1. Report yes if Asn57 is loosely packed, with under 12 Cβ neighbours inside 10 Å, in contact (Cβ under 8 Å) with a residue 40 or more places away in the chain and closer than 28 Å to Pro113 by Cα, otherwise no.
2. Out of (1) farther than 22 Å from Lys106 by Cα; (2) exposed (fewer than 11 other Cβ atoms within 10 Å of the Cβ), what's the single condition that is false for Gln21?
3. Have a look at Asn29, Asn45 and point out the one that is in contact with a Lys or Arg (Cβ under 9 Å, 6 or more places away or on another chain), free of Cβ contacts under 8 Å to residues at least 24 places away in the same chain and polar (S, T, N, Q).
4. Is it true that some residue in region 88-97 is buried (at least 21 other Cβ atoms within 10 Å of the Cβ), not hydroxyl-bearing (Ser, Thr, Tyr) and not in a loop (DSSP other than H, G, I, E, B)?
5. Taking the condition of being at pLDDT 90 or above, among the hydroxyl-bearing types (Ser, Thr, Tyr) and not in a helix (DSSP H, G or I), how many residues in region 10-69 meet it?
6. May I ask you to list the residues in region 86-104 that are modelled with pLDDT of 95 or more and of a type in the set (Val, Ile, Thr)?
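The values are calculated or read from the model by the stated rules, or taken from the named source; none is laboratory data. This is a predicted model, so every value here is computed, not measured. No Cβ is skipped: glycine too gets one built from the backbone with ideal geometry, and neighbour counts run over all protein chains shown.
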Amino acid sequence: MTPQEKLTVTKFLKFVNDELQIDKPWKLNLAKERDDDLKTYAYYNKTNGDMKVYTANRGMADVLRSIAHELVHHCQNCKNQLDTPHPDIGGQIEDEANSVAGQLVKKFGYANPELAIYSKHFDVDIE
């Protein structure tokens, strides 16, 4: 990960954490390869708050949106909204995570135009 990419992700994590007023611990793993958990672009484990986000060959804004999406799920989990089964595609839980994640990326981009999150290609090498 370049220093600029690391700065962008770090600033975004703080921004989202503040915006969503997250007070329960979580852990993020940025991965270049998929595994049993990471079948799509991101995964949230409601048992321990761990998240994985797939980064290979994705744009920075897309990776940030996936991070925000999973952090919204973390907030939902903290409010016990993930205790009952819900659809993996569509439905109130996923729709909220998608829409709020998009809003957060846009707000972050407006607040940090120097980071050029919409044009940079993201290729992180940490697991």
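1. Yes, satisfied.
2. Going through (1) farther than 22 Å from Lys106 by Cα; (2) exposed (fewer than 11 other Cβ atoms within 10 Å of the Cβ) one by one, Gln21 breaks only (1).
3. The conditions single out Asn45.
4. yes
5. Of the residues in region 10-69, 6 are at pLDDT 90 or above, among the hydroxyl-bearing types (Ser, Thr, Tyr) and not in a helix (DSSP H, G or I).
6. Correct list: Val100 only.
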